[in-house]
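Accompanying notes for the structure given below.
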Amino acid sequence: MPATALMGYAVPTSGSLSGTWGDTLNSDVMGFLDLNFAGLLTLSLSSTNVALTAAQARCQMIRCTGTLTGNIIIAPDTAVLWYGIRCVENVTSGSFTITLSNAGTVVIPQGRRALVFIDSTNGPRIIGMAGTTSADVLPTGTVMTFFQAAAPSGWTQNVTYNDYAMRIVNSTGAGTGGSVAFSTLFARTATDNYTLLTADIPAHNHTAVPASGGTFVTYLGSGGTILPAGSFGTPSNVTVGNTGGGGAHSHGLDMRVKYLDMVLAARA
């Protein structure tokens, strides 16, 4: 009997099935629709690939259980139609994968429930993904920050980066840099101490001032005899008074910025 190309529904020719139309409608149309919209197929898996029978391929939901001991491929058996929207749930354990195959492939991660569309050109492809017990619109591997004590259920905390600040960029993300920890920098209340060197001081001179009412002595005679200004002699070194202890100093600087402690986690 003729059937639709994608779902296999019976398409009786005009004038056929006299007296038996109801039987065909119930078995090859209504029965198929019942499975297409609400059929549940549970597969207990370990290491053997699955070739879906026609009845199995019609089920709306495929629930995968068991402990995997090898990677599993689920595909339609020879000449079996497997098209349209299907739900696939992976609640298996064991460190192996479940792959749907039909002219293409897609992996259904453990602990996830996927809505897939299957056609003969592109094969199965995910059009929606959720956790097995709750809605989840974020794909596996998504990294986010959370303002809470620990990563939420279904997320794994990334402990690589500790005491870092965040920087927004308009280029490729996930880069790192810098050398001073966040808490070290923002705990400072003053600049570092520093002692001035001669090279740090601007060039300048000092003017020698004579005692009140006296004559400024500029020359020394032989034997160190003091001579009046203007007399011939040897120029003297005049010492000007000085002060200062050469101590270091700093400047007040309060960088104790307010902050929130966030955790970085990736969707499992």
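The values are calculated or read from the model by the stated rules, or taken from the named source; none is laboratory data. The structure presented is a predicted model; accordingly, all values stated were derived computationally and were not measured. FYI the Cβ positions are ideal-geometry reconstructions off the backbone, even for glycines, and counts take in every protein chain you see.
Taking the numbered list (1) closer than 27 Å to ILE127 by Cα; (2) in contact with a strand residue (DSSP E or B) (Cβ under 8 Å, 6 or more places away or on another chain) in turn, ASP28 passes all entries but (1).
Yes/no per residue for (1) among the aliphatic types (A, V, I, L, M); (2) touching an Asp or Glu at 6+ places or on another chain (Cβ under 9 Å):
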position	(1), (2)
THR4	no, no
ASN26	no, no
ALA54	yes, yes
THR67	no, no
ASN71	no, no
ALA75	yes, no
ASN90	no, no
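One line per residue, one yes/no per condition, for (1) at pLDDT 90 or above; (2) closer than 30 Å to THR4 by Cβ; (3) of a type in the set (Asp, Glu):
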position	(1), (2), (3)
LEU81	yes, yes, no
ILE85	yes, yes, no
GLY94	yes, no, no
ASN102	yes, yes, no
VAL107	yes, yes, no
MET129	no, yes, no
ASN170	no, no, no
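Considering only residues of segment 117-174 that are part of a strand (DSSP E or B) and of a type in the set (Phe, Trp, Tyr), which is nearest to CYS64 (Cα to Cα)? Here the answer is PHE117. Considered as a group, the residues in segment 1-35 that are aromatic (Phe, Trp, Tyr) and out of contact with any helix residue (DSSP H, G or I) (no Cβ under 8 Å at 6 or more places or on another chain) include one that is surrounded by the most Cβ atoms within 10 Å (Cβ to Cβ), and that residue is PHE32. Would you check which residues across segment 1-57 are within 44 Å of the chain's Cα centre (by Cα) and assigned to a loop (DSSP other than H, G, I, E, B) and list them? Scanning segment 1-57 gives LEU6, MET7, GLY39, LEU45, SER46, SER47, THR48, ASN49, THR53.
In segment 108-137, which residues are surrounded by 13 or more Cβ atoms within 10 Å (Cβ to Cβ) and hydrophobic (A, V, I, L, M, F, W, C)?
Of all residues in segment 108-137, those surrounded by 13 or more Cβ atoms within 10 Å (Cβ to Cβ) come to 108-120, 123-126, 128-132, 136.
ILE108, ALA114, LEU115, VAL116, PHE117, ILE118, ILE126, MET129, ALA130, listed by residue number.
Restricting segment 71-92 to residues that are under 30 Å from the mean Cα position of the chain (by Cα) and not hydroxyl-bearing (Ser, Thr, Tyr) leaves a set whose member that is farthest from ASP119 (Cα to Cα) is VAL91.
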